[in-house]
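Inspection log for the structure reproduced underneath, given as structure tokens.
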Amino acid sequence: MKKTFIIANWKSNITLPEAKSWLDNFDVQGLDVADKEIVVCPSFTLLSELKSYALKNNSLVKIGAQDISPFSEGSYTGEVCGKQLKDFSEYVIIGHSERRRNFSESNETVNQKIRKAFEADLRPIICVSDLEQAKAFREAVKTDNDFIVAYEPLFAIGTGSADTPENADLMVKNIKNILGDKVILYGGSVTSSNINQFSKMPNIDGALVGKASLNSVEFLQIIKNA
Ligand code: PGA
């Protein structure tokens, strides 16, 4: 069965007490997730708490990190490498536009991180905001490993002004033409009110959700409406 992916990207938000309260209000047991893959990507500081929650709930929710070191383990102060992430997560977001913009991440760095994710047996969620970034990834990383791509147009991220479902679906189709029949998501101002317009499109396989995932009741509603 083809699954719809709903992935929460908490970004640099949520303290430990806030995460506990988010999880208390997140009634995953009441959800029908047979045809859905639910992933929550918290900050590194919350991975352990989220992992315990996932284990308690039969892994109905999967865990992802928001970044990975471009190096293996070793003397890289401040970095968290793939081997360390693997203790907690199955997924890792790579190449988010906020990292490309605020931390000068190049396509080369993104590709290096993708390779490290594969080495650690993590499934990367690779963010691209245009077709050039998708091509840069394809050309540098020839792989049979599994990955997910999130198409996130810059004008739609955190602005409250999502792309149109038609345009997003066309972009996702074009990315599939470049990268093959992979799971490709849409991301940018997704809410419980518009998720269905995206998830019902023929090419879009789900959504990467930022701001609207910070509220667990809203995130539950997004999953239900998808
Ligand atoms: P947003 O963020 O849902 O707040 O627009 C999406 C993202 O950046 O992944």
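Every number in this text was worked out from the coordinates using simple rules, so none of it is lab data. No experiment lies behind these values; they were computed from the predicted model shown. Here Cβ is always computed from backbone atoms with ideal geometry, including for glycine, and neighbour counts include all displayed protein chains.
Of everything in the stretch 132-173, what is among the charged types (D, E, K, R) and away from the ligand (no atom under 16 Å from the Cβ)? Give them in sequence order. Give the steps one after another, and end with the answer.
Just the residues of the stretch 132-173 that are among the charged types (D, E, K, R), to begin with: 132, 135, 138-139, 142, 144, 146, 152, 163, 166, 169, 173.
Listed by number, the residues that qualify are GLU132, LYS135, ARG138, GLU139, LYS142, ASP144, ASP146, GLU166, ASP169, LYS173.
From the set of residues in the stretch 154-184 that are aliphatic (A, V, I, L, M) and free of Cβ contacts under 8 Å to residues at least 40 places away in the same chain, which is farthest from ILE204 (Cα to Cα)?
Once the filter is applied, the top-ranked residue is ALA156.
Considering only residues of the stretch 72-112 that are in contact with a helix residue (DSSP H, G or I) (Cβ under 9 Å, 6 or more places away or on another chain) and among the charged types (D, E, K, R), which is nearest to GLU37 (Cα to Cα)?
Filtering the stretch 72-112 for residues that are in contact with a helix residue (DSSP H, G or I) (Cβ under 9 Å, 6 or more places away or on another chain) and among the charged types (D, E, K, R), the one nearest to GLU37 (Cα to Cα) comes out as ASP87.
Of all residues in the stretch 144-182, which are touching a helix residue (DSSP H, G or I) at 6+ places or on another chain (Cβ under 7 Å), buried (at least 20 other Cβ atoms within 10 Å of the Cβ) and over 22 Å from ILE68 (Cα atoms)?
ALA162, ASP163, ALA168, ILE175
Of the conditions (1) over 16 Å from the mean Cα position of the chain (by Cα); (2) on the phi < 0 side of the Ramachandran plot, TYR186 clears all except one; give me its number.
So TYR186 meets the others, but not (1).
As an exercise: evaluate GLY187 against (1) within 11 Å of the ligand (Cβ to nearest atom); (2) surrounded by fewer than 23 Cβ atoms within 10 Å (Cβ to Cβ); (3) in contact (Cβ under 8 Å) with a residue 60 or more places away in the chain and give the number of the one condition it does not meet.
Of the numbered conditions (1) within 11 Å of the ligand (Cβ to nearest atom); (2) surrounded by fewer than 23 Cβ atoms within 10 Å (Cβ to Cβ); (3) in contact (Cβ under 8 Å) with a residue 60 or more places away in the chain, the odd one out for GLY187 is (2).
Does the stretch 3-57 hold any residues that are touching a residue at least 12 places away in the same chain (Cβ under 8 Å), hydroxyl-bearing (Ser, Thr, Tyr) and in a loop (DSSP other than H, G, I, E, B), and which are they?
Scanning the stretch 3-57 gives SER12, SER43.
Out of (1) within 30 Å of GLY74 (Cα to Cα); (2) surrounded by fewer than 17 Cβ atoms within 10 Å (Cβ to Cβ), the odd one out for VAL141 is which?
(2)
Within the stretch 196-214, track down each residue that is of a type in the set (A, V, I, L, M, F, W, C), more than 7 Å from the ligand (Cβ to nearest atom) and within 19 Å of ALA65 (Cβ to Cβ).
ALA207, LEU214
Condition first: more than 22 Å from VAL92 (Cα to Cα) and either acidic (Asp, Glu) or in contact with a Leu (Cβ under 6 Å, 6 or more places away or on another chain) (or both). Can you find one or more residues in the stretch 147-165 that meet it?
Yes: the stretch 147-165 contains one or more residues that are more than 22 Å from VAL92 (Cα to Cα) and either acidic (Asp, Glu) or in contact with a Leu (Cβ under 6 Å, 6 or more places away or on another chain) (or both).
Which of the residues that make up the stretch 88-131 are more than 16 Å from the ligand (Cβ to nearest atom) and outside any helix (DSSP H, G or I)?
Within the stretch 88-131, PHE88, SER89, GLU90, SER104, SER106, ALA120, ASP121, LEU122, ARG123 meet the criteria.
When the residues of the stretch 30-40 are narrowed to those that are under 24 Å from VAL183 (Cα atoms) and out of contact with any Ser or Thr (no Cβ under 8 Å at 6 or more places or on another chain), which ends up surrounded by the most Cβ atoms within 10 Å (Cβ to Cβ)?
Here the answer is ILE38.
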